[in-house]
Every structure is written in structure tokens, then in C-alpha cells.
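Trainee: This structure is in C-alpha cells; I'll ask about it shortly.
Readers should treat all values here as calculations from the given coordinates under stated rules, not as data from a laboratory. This one's a predicted model, so the numbers in the text were calculated from it and none came from an experiment. All Cβ positions, glycine included, derive from the backbone under ideal geometry; neighbour counts span all protein chains shown.
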Amino acid sequence: MITLPEAPRLLPPSTAVKVSYLTGEQVDCVARGSETDWLGPASEDFDGFVAARVGVKERWNVPSTVFWYQAGEHYLGTLVIRHELTDELFVEGGHIGYHVVAPWQRQGHATRMLGAGIAHARDLGLSRVLLTCAPENEPSRRVIAANGGKQDETLGDALRFWIDC
Ligand SMILES: CC(C)(COP(=O)(O)OP(=O)(O)OC[C@H]1O[C@@H](n2cnc3c(N)ncnc32)[C@H](O)[C@@H]1OP(=O)(O)O)[C@@H](O)C(=O)NCCC(=O)NCCS
């Protein structure tokens, strides 16, 4: 495994991780069989791609902040904090969403990344955060459980958990 130069941190999106971001996301998309069309434009104008993601932006109809989990030039994953919940997000989506790209999975990064994300949520003034996950997503369930998630009733298709910040 690659030795990281420092412990990964949740930081604003940065051009410093261009190569590992694009490579990691491409590997991840191919592995999951998900959409790859966005990678071409992102690689052609990475500065613009990053600029569009820095700071508080309106997404999912709420103010949201995107963080990238980074260690030096290495990009490991993304975590988004939605500062508020809509009725839809209350059922599915929650305050925090995340993924760790395939090359860095199964090394405890998501568990630690969510812990760091909860600290950021606290800094944003949230006292507890809602997380949702598909019932079959055992890895994510474990990540949420390791961070103290307490299961609430299921209102839609996803399981729902609260974590105190
Ligand atoms: C879910 C996800 C974030 C986990 O990332 P990760 O960095 O591999 O997670 P961790 O290394 O912290 O592992 C957490 C736990 O899940 C287990 N796990 C991770 N991947 C696994 C897999 N493919 N199969 C079985 N168990 C797995 C780990 O062994 C660990 O278990 P433990 O706490 O009992 O030791 C990652 O698989 C991912 O990005 N998936 C796609 C997006 C997604 O599902 N996001 C969450 C939406 S709710």
C-alpha cells in the first residue's frame, strides 16, 4: 500500500490533488459501473471544476459544503455536509454523504473521515446529524455505527441514523 505523507484531512477541494482525484474517481466509477461522462470536462478544466465546489453552495435545495479527504497530493474520498434538511433529505439523504474511492477502501478511511466530518458539522452549529444508508450497504452501516449512529425509524427505502455532534 502507498505510504501517505501525512494523516488525511477533510479540506476544501483543491487543484493540488488533480491527478489522484481524477484517477481515483475514474477507477471508482468504472468499478461501480457508474457515469464517467463528467470526468472528461473535469480533466479539461480542473481549476473550474474545483472552483465550482469550494465554499458553501446551494445543492439539494440547501446550503452545502463539500470536503475532499486529502493527504498531500493524494485524494481519498469526498464528504458533503448539508447544513439543513428538507422533507426529502429527512427521509433519505440526511446531513452527511460520503464515499471513499476504490483504491483507498477497506483501510478505515471512511470511518475516520466521517469522524472528521462530524467535527465540521459541529463547527457549523449542528448538534446532531442524520445519516441514511441503503439496507444492503453493510460497509456504510459499519462506518455509521463506529461513529455512534443511533438508528431511527425507516421512513423510505433507506435506513436512518442520528449521530450527536
Ligand atoms: C461505504 C464506504 C464509504 C466505506 O469506505 P471504507 O473506507 O472502505 O470504510 P472503512 O475502511 O472505514 O470500513 C468500515 C467497515 O466496513 C467494512 N467494509 C468496508 N468495505 C467492505 C466491503 N466491501 N465488504 C465488507 N465489509 C467492508 C470494513 O471492514 C469495516 O468494518 P469494521 O468496522 O467492522 O472493521 C465505501 O465502500 C464507499 O465509498 N462506498 C460507495 C459509496 C457509499 O456507499 N457511500 C455511503 C452512502 S450511505
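Trainee: Quick one: what Rg and Dmax do you get for segment 67-151 from the alpha carbons, in Å?
Mentor: Computed over the Cα atoms of segment 67-151, radius of gyration and Dmax are 12.7, 38 Å.
Trainee: What is the ratio of the Cα radius of gyration of segment 9-164 to 2.2 N^0.38 Å, where N is its residue count, to two decimals?
Mentor: Compactness ratio reported: 1.02.
Trainee: If you project the alpha carbons of segment 118-165 onto the principal axes, what extent comes out on each, in Å, largest first?
Mentor: Computed over segment 118-165, the largest-to-smallest principal extents equal 31, 21, 13 Å.
Trainee: Oh, and also: How much of the pair distance distribution for segment 1-92 lies past 16 Å, counting alpha-carbon pairs only, in percent?
Mentor: Cα-Cα pairs in segment 1-92 separated by more than 16 Å: 61 percent.
Trainee: Only helical DSSP H runs with n ≥ 4 go in: add -39500 (n - 2.57) per run for the chain, normalise by residue count and round the 222 nm mean residue ellipticity to 500 deg cm²/dmol.
Mentor: -9500 deg cm²/dmol
Trainee: Here is a further query. Name the helices (complete DSSP H segments) of the chain with a Cα length along the long axis of 15 Å or more and a Kyte-Doolittle mean of at least -1.0, or state none.
Mentor: Span-like helices in the chain: 18-32, 109-123.
Trainee: Another question about this same structure. Under a Cβ-only charge scheme (Lys and Arg +1, Asp and Glu -1), can you give me the dipole magnitude of the chain about the Cα centre, in debye to the nearest 20?
Mentor: 600
Trainee: Give me the three principal axis extents of segment 76-116 from the C-alpha atoms, as integers in angstrom, largest value leading.
Mentor: Largest to smallest, the principal-axis extents are 34, 18, 12 Å.
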